[in-house]
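Input: a single structure, listed below in structure tokens.
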Amino acid sequence: MGKILVIGESCKDVFVYCDAKRLAPDVPVPVLNVVRQTENPGMAANVFRLLQKLEPDCAALLTNDNWQNVTKTRFVDEKSNHHFLRVDSPHSFEPVEIDLKELNEYEIIAISDYNKGFLSEETIEKICKNHPNVFIDTKKPVKDFARSAKFIKINDFEYQNSKPYLTPELQSKIIHTAGENGCHFGGKQYPVNKVEVKDVSGAGDSFFAALILSFSAKQDIDYAIHFANSIASETVKHRGVS
């Protein structure tokens, strides 16, 4: 198995679990009493973390230096897991500078693009044209900049936004995830077993990490999609980003 380089912007995911037993007397909002708090690396750093858990020392991460100061804080009911609100810290992302020669040290380049300014379309296109095994997970509408990628993983919302720009070449590379309906690739549907969903946070990252790692090991995209589906299905059975 070769080395994997994850490129993308990162943050810190914070989950504040609360007890909400009453509404405020002055405005009709719940009063949240904090019970506990969890933190973990988020976005591209979460993909990297998952790769390391599945296969230690398999991956490297190229991300923003200030990622631990960039927070997504979710306030969640401890009993029901109802999400009251998410608060994002003020932040900006400087564009990444890529040394194209260093890409050759890795078997797979995994682009985890949250469309925050860290990776431009031009940079993604340049990476794809200079490496034969680039996997993309992007929040951008998929356009011609991604045509040299190996595979493109997007969820249903992103797929619908990308439809006006999809050429047959791009369509042939898209792995379209659809939650409880599994995913679609190459005209084939990959179903998933029905499970009790507790939290979908991080499910896309789990699918992406499992897809990349499995493909690296087997060089079989059909097998990799089945494996990624199973890992994502396990992820949503747990609270927070598991």
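Before moving on, here are some points about what is shown:
- For region 63-105, a residue qualifies if it is among the basic types (Lys, Arg) and either touching a Ser or Thr at 6+ places or on another chain (Cβ under 8 Å) or touching a residue at least 40 places away in the same chain (Cβ under 8 Å) (or both), and the qualifying residues are LYS72, ARG74, LYS79, ARG86.
- Within region 90-139, the residues that satisfy the criterion of being polar (S, T, N, Q) and surrounded by 17 or more Cβ atoms within 10 Å (Cβ to Cβ) are SER112, THR123, ASN133, THR138.
- If you check SER148, SER162 for being among the hydroxyl-bearing types (Ser, Thr, Tyr) and either surrounded by fewer than 14 Cβ atoms within 10 Å (Cβ to Cβ) or assigned to a helix (DSSP H, G or I) (or both), only one passes: SER162.
- Counting only residues that are in contact with a strand residue (DSSP E or B) (Cβ under 8 Å, 6 or more places away or on another chain) and free of Cβ contacts under 8 Å to residues at least 40 places away in the same chain, region 1-42 holds 11 of them.
- Which numbered condition GLU121 misses (of (1) under 28 Å from VAL192 (Cβ atoms); (2) in contact (Cβ under 8 Å) with a residue 12 or more places away in the chain): (1)
- Within region 172-187, tally of residues that are in a loop (DSSP other than H, G, I, E, B) and within 15 Å of the chain's Cα centre (by Cα): 1
- Pairs where the first residue, in region 170-195, is within 23 Å of ASN133 (Cβ to Cβ) and surrounded by 13 or more Cβ atoms within 10 Å (Cβ to Cβ) and the second is among the polar types (S, T, N, Q) and at pLDDT 90 or above, C-beta under 6 Å, 6+ apart: THR177/ASN155; CYS183/THR177; TYR190/ASN229
The values are calculated or read from the model by the stated rules, or taken from the named source; none is laboratory data. Small disclaimer: the values here were computed from a predicted structure and weren't measured. Reconstructed Cβ throughout: ideal geometry from the backbone, glycine too, with neighbour counts over all protein chains shown.
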